[in-house]
Amino acid sequence: MAIPVKLEAFEGPLDLLLHLIEKNKVDIYDIPIVEITEQYLAYIRQMETEDMNVVSEFLVMAATLLDIKCRMLLPKEVNEEGEEEDPRAELVQKLLEYKMCKYMSIELRDRQVDAARTLYREQLIPEEVAAYRPPLDYEQLIGDMTLSKLHEIFKSVVRKQEDKIDPIRSQYGKIEKEEIDMDLKTLYVEAYAREHKRFSFRKLLEKQKSRAEIIVTFLIILELMKTGKIHIEQENIFDDILITSNVA
């Protein structure tokens, strides 16, 4: 005996069928087609809509159910492989596909609702924390480069400058104290480092015009290395020292 069911609006005929199957708690693979068809037709008779497209969809499914019902009363057909064909098989496949799509849409809708309730607080970092910079590790900064190696290059360049001096002419003339602007020289070295990015320490010193400029340039290089604006390296003991610039 069919269970009386009062139905509301459904999205389509498959939605109605799926509701009837779940309402009657029957196996979707073994649909009692007679009972489900009677309940389905009862819903069709109660429909109140002027949209013929909607009505036609439900009527097509009603015709399909009546066709399946009639075929269930006839002797079962046998396919080419000798197996009996179930007239409900195609309908069951459509219901399974629709059920999967329906549950997926419900899952996506729930995720959208949950996402709408998710709020993100703006990141708040105290000024003293944001301004913190870790102290420089001078040992790591210098690496295997020692001041003695730099000093050896410094003395080598100074000797070359001394060799350029004429031993006779240097004994004549007025000797004046050479004034070197430390700030201007610092800007010069930084500009040189910014332009070349990676250059030879020896060549930088050789570009200086006097011993005083070499000394000042050497001190500036040490200061830039101390502040982390440059990095120095030397592959072998007697190789030239290469400077990599971080000056922006």
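Data for the structure
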{"quantity": "Per residue, the convex hull volume that the Cα atoms of the range 13-116 enclose (Å³)", "calculated": "142 Å³"}
{"quantity": "Cleavage-rule hits (trypsin sites (Lys or Arg not before Pro)) in the range 22-84: DSSP loop, at most 11 neighbouring Cβ within 10 angstrom", "calculated": "Lys25, Lys76"}
{"quantity": "The range 71-134: chymotrypsin sites (Phe, Trp or Tyr not before Pro) falling in loop per DSSP and having at most 11 other Cβ within 10 Å", "calculated": "Tyr120, Tyr132"}
{"quantity": "Loop sites in the range 14-85: GluC sites (Glu not before Pro), DSSP, at most 14 other Cβ within 10 Å", "calculated": "Glu48, Glu50, Glu77, Glu80, Glu81, Glu83, Glu85"}
{"quantity": "Sequence-distant residues sharing a close amide H with Ile241 (under 5 Å, placed H)", "calculated": "Phe201, Arg202"}
{"quantity": "Long pairs among Lys76/Lys102; Lys155/Lys197; Lys76/Lys99, criterion Cα-Cα beyond 26 Å", "calculated": "Lys76/Lys102; Lys76/Lys99"}
{"quantity": "In Hz, Karplus ³J(HN,Hα) per residue of the range 58-69 (6.51, -1.76, 1.60; θ = phi - 60°; x = Gly, Pro)", "calculated": "5, 5, 4, 5, 4, 5, 5, 5, 5, 5, 5, 4"}
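Coordinate-derived values only; no laboratory data. As the structure is a computational prediction, the values presented were derived from the model and not from experiment. When we count neighbours, we look across all protein chains shown, and the Cβ atoms used for this are built from the backbone with ideal geometry, even at glycine.
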